[in-house]
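Colleague: Dumping the structure here so I can ask a few things about it.
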Amino acid sequence: MVIGFWIRSLVQRKNQPVLNLIIIGLAAGYLPWFFLQKRTVFTFYAIIIEPFMILAIVYCAHLFLKGSRDVKSARIVIALITLLVLICFIYFLPLFTGQVITYDAWHQKMWLPSWI
């Protein structure tokens, strides 16, 4: 989504330094991993990308609020999405913290075959 806004700003020739910073940070942190797709990659390597992902999410929320006619409804949508992310984080927290869980609990958290 952020890339779409960035491309639009380039087409319209509008310089948006915040958006440029977010895109450069995401690209610098993410693009090198395209060369290592066949290797095991651990999630703690993504810590470099995290600040820019947070900035991108906040930027998209800002654009959503700014472009919305009904600000109250937009805030509710953003709050619900934030709640959904929090619930998902809590669901995966045992994996993030290395807790001992049963095999069935672990297997339930493996949503995609490539995660195993």
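The values are calculated or read from the model by the stated rules, or taken from the named source; none is laboratory data. Just so we're clear, the structure is a prediction, and the values are computed from it rather than from any experiment. In this analysis, Cβ positions are derived from the backbone assuming ideal geometry, glycine residues included, and neighbour counts consider all displayed protein chains.
Colleague: Is there any pair linking a residue in segment 73-92 that is free of Cβ contacts under 8 Å to residues at least 12 places away in the same chain to one that is surrounded by 12 or more Cβ atoms within 10 Å (Cβ to Cβ) and of a type in the set (S, T, N, Q), with Cβ under 8 Å and at least six apart or on different chains, and which?
Modeller: From residues that are free of Cβ contacts under 8 Å to residues at least 12 places away in the same chain, the pairs are A74/S68.
Colleague: Counting just the residues of segment 19-78 that are more than 26 Å from T97 (Cβ to Cβ) and part of a loop (DSSP other than H, G, I, E, B), which one comes out modelled with the lowest pLDDT?
Modeller: Q37
Colleague: Starting from segment 32-51, keep only residues that are outside the structural domain of S114 (by TED's automatic domain parsing) and β-branched (V, I, T), then list their pairs with residues that are at pLDDT 75 or above and outside any loop (DSSP other than H, G, I, E, B) whose Cβ atoms are within a distance under 7 Å, requiring at least 6 positions of separation or different chains.
Modeller: Close Cβ pairs satisfying both conditions: V41/W33; I48/G29; I49/L26; I49/G29; I49/Y30.
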